[in-house]
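Read the structure below first, then the notes.
The values are calculated or read from the model by the stated rules, or taken from the named source; none is laboratory data. If you're wondering where the values come from, they're calculated on a predicted model, not measured in any experiment. Cβ coordinates were reconstructed from backbone atoms using ideal geometry, including for glycine residues, and neighbour counts include every protein chain displayed. Remember, those area values only see protein heavy atoms, side chains included, never the ligands or the DNA or RNA. Shrake-Rupley method; radii C 1.70, N 1.55, O 1.52, S 1.80 Å.
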Amino acid sequence: MKLSDALRKAQGIGLDLVEIAPTANPPVCKIVALGKFRYDISKHTKDKKPASSKLKEIKFRVNIDEHDYLTKIRHAEEFLDRGNKVRVQLQFRGREMAHQEFGMQLVEKVRDDLSGMSQVEMEPKITGRNITMTLAPLPANRRKRKFTAVPKAPEETEKPGAPVSA
């Protein structure tokens, strides 16, 4: 169909003539509402984008035990390894507010321990009874895990009739 005929037909219907494949021989055109066509294209490209990184939160207290600390650090490493951002929040309660320097030391320790997996997006900041810091994951090829999950050792099964050592 000639270009002038196609334009006349599109105007007669009240729609637009849109070129779909300009490199084809002959070029391919379509009679559509341009606004709806653009909207459909934007929806299509939005669906193709990968989901943006989510923000995960890890909460600490000042007097955290070493084992609990390592567990939380392993979880943070896992979140960063999946490409999520991590918000580290340290919460003070009661008289812990008198020694905020201990809280800052703990947040600095978290930052150092996760330095192989992340970069600081928001420096540690004291807001009320909390210290908050946000970490963003490093590119996948630069990430190095420091704390990996400890595999559980298989326990020895007791055999019936076996001598029991005292």
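Some observations on this one:
- Residue check, Ser42 among the small types (Gly, Ala, Ser), closer than 23 Å to Pro139 by Cα and loosely packed, with under 15 Cβ neighbours inside 10 Å: no
- Boolean, Lys30 is out of contact with any His (no Cβ under 8 Å at 6 or more places or on another chain), loosely packed, with under 13 Cβ neighbours inside 10 Å and basic (Lys, Arg): no
- Residue within the stretch 37-51 that is more than 28 Å from the chain's Cα centre (by Cα), within 30 Å of Lys2 (Cβ to Cβ) and not in a strand (DSSP E or B) present: yes
- Number of positions in the stretch 1-27 that are among the hydrophobic types (A, V, I, L, M, F, W, C) and open to solvent by less than 70 Å² (accessible area, probe 1.4 Å): 7
- Taken over the stretch 1-27, the criterion of being under 19 Å from Phe37 (Cα atoms), among the aliphatic types (A, V, I, L, M) and touching a helix residue (DSSP H, G or I) at 6+ places or on another chain (Cβ under 9 Å) is satisfied by Leu15, Leu17, Val18.
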